[in-house]
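Worksheet: one structure, shown below.
The values are calculated or read from the model by the stated rules, or taken from the named source; none is laboratory data. Bear in mind the structure is a predicted one, so any value in this text is a computation, not a measurement. Backbone-built Cβ (ideal geometry, glycine too); neighbour counts: all protein chains shown.
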Amino acid sequence: MRVKLRVYANLAEGASMDVGDNYDFHVDPGTTIAQLLAKAGINRRDVRIVMINNNQAELNSTIQDGDEVGVFPSMGGA
């Protein structure tokens, strides 16, 4: 299966990715978002919001062929 991953803010920096860019990944059927993040080198503890096809999801959500996954870190301000 092919899925797209888009990472935002400091999650992109930690995984050596560009913020907001789409990255294609080939994954096996039954792969969860947590497993995709591990494959991408993103620490799941740093992820606060997960989206699949613009719908909020959980780290244990299973992804399907063609899905677009977006992950966001916790945001804070001073």
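I need every pair where a residue in segment 42-63 that is more than 20 Å from Arg2 (Cβ to Cβ) and without any contact (Cβ under 8 Å) to a residue 60 or more places away in the chain has its Cβ under 6 Å from the Cβ of a residue that is surrounded by 13 or more Cβ atoms within 10 Å (Cβ to Cβ) and of a type outside the set (A, V, I, L, M, F, W, C), sequence separation at least 6 or different chains.
Listed by first residue and then by second, the contacts come to Asp46/Pro73; Arg48/Pro73; Leu59/Arg44; Asn60/Thr32.
Would it be correct to say that Ile42 is of a type outside the set (Gly, Ala, Ser), surrounded by fewer than 16 Cβ atoms within 10 Å (Cβ to Cβ), out of contact with any His (no Cβ under 8 Å at 6 or more places or on another chain) and at pLDDT below 95?
Here the answer is no, as Ile42 does not meet what is asked.
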